[in-house]
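A quick write-up on the structure given underneath.
Just so it is clear, none of the values below were taken in a lab; they were calculated from the coordinates. Everything quoted here is computed from the prediction, not taken from an experiment. With ideal geometry, Cβ positions are generated from the backbone for all residues, glycine too; neighbour counts draw on all protein chains shown.
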Amino acid sequence: MLTASWNVNGIRAVARRNQLPWQMMPEVELWCLQETKAHPDQLEADLREPDGWHAHWFSAQKPGYSSVAIVSRQAPDEIIEGLNVTEFDVEGRVLAARFGTLVVLSAYFPNAQELGKRIAYKLGFCAALESCLAHWRQRGCETLLLGDYNIAHRPIDLARPHDNEMNPGYLPQERAWMDRFLGLGYRDVYRERYPDLRDTYTWWTMRGGARARNVGWRIDYGTTSPGLASRVREAAIHSHIVGSDHCPVTIAL
């Protein structure tokens with residue numbers, strides 16, 4: 001199964017430009033989308049439920065904000081909205097789909113914001129997500145967490161680490177949480193396969209021609225539970241796919 005994650009920065013915007021994920025990469029069998037920025041009732045019927053796909057949307061209460069989706073060829077056995085924590089769920093940040101004993105999650109991590117204004121909120125979200133993943137593992141399931149983590153883990157994961165040491169997405173607290181998360185056994189399968197590969201990013205600021213110059217950050221990931229890592233055939237970043245300030249990442253199981 002080929003799975004993909006893409007922060008589309010507005011599902012209606014990519015639809016208007018004929019850059020929908022399943023059009024851009026038709027070989028993908030399951031899409032995890034972030035920042036869809038829409039409620040299902042705001043979408044045209046053929047976008048809300050694309051022909052040949054099973055689409056599930058989890059939206060923020062605030063219009064035009066955050067929101068995630070999972071769009072898959074195969075119908076899930078179970079869909080779970082949110083983390084069962086109101087302060088995070090009102091922002092529509094996590095949606096899970098269970099296929100037998102495999103749980104795929106689409107997650108849009110909070111931005112810590114300038115001067116770490118929202119770092120406590122973000123770390124609370126990370127803790128709640130840890131608990132969610134542990135719950136699934138206690139049920140005998142393996143997990144694949146796809147999404148925009150809004151964290152560049154190591155210096156190799158952004159073009160200018162020294163200049164960004166105190167900027168959101170590369171704050172010490174955020175990097176420490178990634179250390180902790182991987183220390184629990186979760187696997188950053190892309191970096192494991194390409195430990196020394198530089199200049200591979202998933203997000204570029206819209207300012208100053210950053211994408212053309214490849215001045216970017218790797219902040220979109222697919223991480224697996226320990227028992228799922230051996231089933232990963234390939235992990236890839238698709239920087240040639242345009243339509244958003246992010247590009248898709250794929251995990252093939």
Counted residues in region 135-176 being of a type in the set (Phe, Trp, Tyr) and closer than 24 Å to Gly82 by Cα come to 2
Taking region 15-51 and keeping residues surrounded by fewer than 22 Cβ atoms within 10 Å (Cβ to Cβ), of a type outside the set (Phe, Trp, Tyr) and outside any loop (DSSP other than H, G, I, E, B) leaves Ala15, Arg16, Gln23, Met24, Pro40, Asp41, Gln42, Ala45, Asp46, Leu47, Arg48
Exercise for the section: Would you mind stating whether Leu129 is in contact (Cβ under 8 Å) with a residue 60 or more places away in the chain, part of a helix (DSSP H, G or I) and buried (at least 19 other Cβ atoms within 10 Å of the Cβ)? Expected result: no
Scanning region 17-56 residue by residue, the ones that are in contact with a helix residue (DSSP H, G or I) (Cβ under 8 Å, 6 or more places away or on another chain), among the aliphatic types (A, V, I, L, M) and farther than 13 Å from Arg73 by Cβ total 5
In the set Arg73, Arg12, Arg17, the lone residue that is in contact (Cβ under 8 Å) with a residue 12 or more places away in the chain, under 28 Å from Ser230 (Cα atoms) and of a type in the set (Lys, Arg) is Arg73
Exactly one of Thr101, Thr143 is over 16 Å from the mean Cα position of the chain (by Cα) and either among the hydroxyl-bearing types (Ser, Thr, Tyr) or crowded, with 19+ Cβ neighbours inside 10 Å (or both), and that one is Thr101
Pairs returned, first residue in region 33-50 that is in contact (Cβ under 8 Å) with a residue 12 or more places away in the chain, second residue that is assigned to a loop (DSSP other than H, G, I, E, B) and of a type in the set (Val, Ile, Thr), beta-carbon separation under 8 angstrom, 6 or more apart or interchain, are Leu33/Val8; Gln34/Val8; Glu35/Val8; Thr36/Val8
Here the residues within region 92-117 that are in contact (Cβ under 8 Å) with a residue 12 or more places away in the chain, charged (D, E, K, R) and either under 17 Å from Glu29 (Cα atoms) or in a loop (DSSP other than H, G, I, E, B) (or both) are Arg93, Arg98
Quiz item: If you check Asp77 against the conditions, is it in contact with a helix residue (DSSP H, G or I) (Cβ under 9 Å, 6 or more places away or on another chain), at negative phi, loosely packed, with under 14 Cβ neighbours inside 10 Å and not β-branched (Val, Ile, Thr)?
Solution: no
For Leu158, state whether it is among the aliphatic types (A, V, I, L, M), under 24 Å from Glu91 (Cβ atoms), in contact with a helix residue (DSSP H, G or I) (Cβ under 9 Å, 6 or more places away or on another chain) and in contact (Cβ under 8 Å) with a residue 40 or more places away in the chain.
no
Notebook entry, point to check: Regarding Ser244, is this residue touching a Ser or Thr at 6+ places or on another chain (Cβ under 8 Å) and touching a residue at least 24 places away in the same chain (Cβ under 8 Å)?
Noted result: no
Residues of region 57-74 being surrounded by fewer than 19 Cβ atoms within 10 Å (Cβ to Cβ) and of a type outside the set (D, E, K, R), in sequence order, are Gln61, Pro63, Gly64, Tyr65, Gln74
Inside region 132-170, the number of residues satisfying the requirement of being more than 15 Å from Val104 (Cα to Cα), assigned to a loop (DSSP other than H, G, I, E, B) and of a type in the set (D, E, K, R) is 3
